[in-house]
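We did not get these values from a lab; they are worked out from the coordinates using the rules stated. Just so it is clear, the model here is predicted, and its values are computed rather than measured. Here the Cβ is made from the backbone with ideal geometry for all residues, glycine too, and neighbour counts use every protein chain on show.
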Amino acid sequence: SGQIAKELYPNANIQIKGFEETNFSNNLFDVAIGNIPFGEFKVADREYERNNFLIHDYFFAKTLDKVRDGGIIAFITSSGTMDKKSEDVRRYISERAEFLGAIRLPNRTFKGVAGTEVTSDIIFLKKRDRLLKLDEDWVKLDENEKGLIYNKYFVDNPQMVIGTMEEIPSRFGTSLACIENKDISLEEGLKKAIKNIQGMYEEAQINDDLGEEILEKAKSIRPEYCIAVTGEIVKRESVNPNMPTGMVELKAEELKILSESDTP
């Protein structure tokens, strides 16, 4: 799929590698969208090893660092992120991002593609500009009228669950699952639920002094380096491997590139 994407979008920076091997700058992206991997295993990334994250939690943590303040994250993940007994990861996310809402999908949503039945959620977040410790409801679990325990956000907002929460047989006895409602299609359910996601995308604020600041930095860098869109000096291949030597990339909003004559 990555090779196909490269053919379709030759000017895009497409990296076919594990997320832990990418070298994007922090605070770089406006929006991050993904169907992230999930499982009971971890990723070897020295920057996050102290947190002991499982792979899906790691994707949230690293992506929160990669999007800019006010940036939006929309991830499909297993219901484990919202429903696990430990609140640690949800509190980690809550400190760094505003929770805009979530949509719970039926457990058969990916049956035809992945051959597995797993209840999944689409989680929408907006990165904060500073760490905040808040006692938010979505971080907690609660009990519904049937006595089933899962995330309080879904208990309080059943309209965000495209199906019915039920206890079903599993390898370990029983487990909770979102069972599809035959009276409404997934497409119809999504259209209704998405209207309840509360949040607004904000365009990045452009620093008028950025151009001068970058020009000053550019005078001292070697050809194998360039200025990233965050203003950091980084290895050229980590930003845009196709950029000619001697050129400096300005912030994306300014939509221009300094010519070779402007740099050493």
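Can you tell me the length gained on complete extension of the stretch ASN51 to GLU20, counting 0.36 nm per residue apart and subtracting the Cα distance? Walk me through the intermediate numbers first.
Numbers: separation 31, 0.36 × 31 = 11.16 nm, distance 1.44 nm.
Roughly 9.7 nm would be gained on extension.
Close lysine pairs were tallied over the stretch 87-154: pairs 8 or more places apart or on different chains with Cα atoms under 30 Å apart number 10.
Sort 185-195, 68-78 by packing, meaning the average of other beta carbons within 10 Å per residue, with the highest value first. Let's see the in-between values first.
On the way: 185-195: 13.8, 68-78: 18.8.
Those peptides, ordered most packed to least, come out 68-78, 185-195.
When you count the other C-beta atoms within 10 angstrom of each residue and take the mean per peptide, 158-171, 92-105 line up highest first as 92-105, 158-171. Given all pairs of different Cα atoms, what value in angstroms does the Kirkwood hydrodynamic radius of the stretch 1-95 take? When all Cα pairs of the stretch 1-95 are included, the Kirkwood radius is 14.6 Å.
On alpha-carbon atoms, Rg over Rh for the stretch 48-147 using Kirkwood Rh? Mind dumping the intermediate values first?
Numbers: Rg = 14.2 Å, Rh = 14.5 Å.
That ratio is 0.98, to two decimals.
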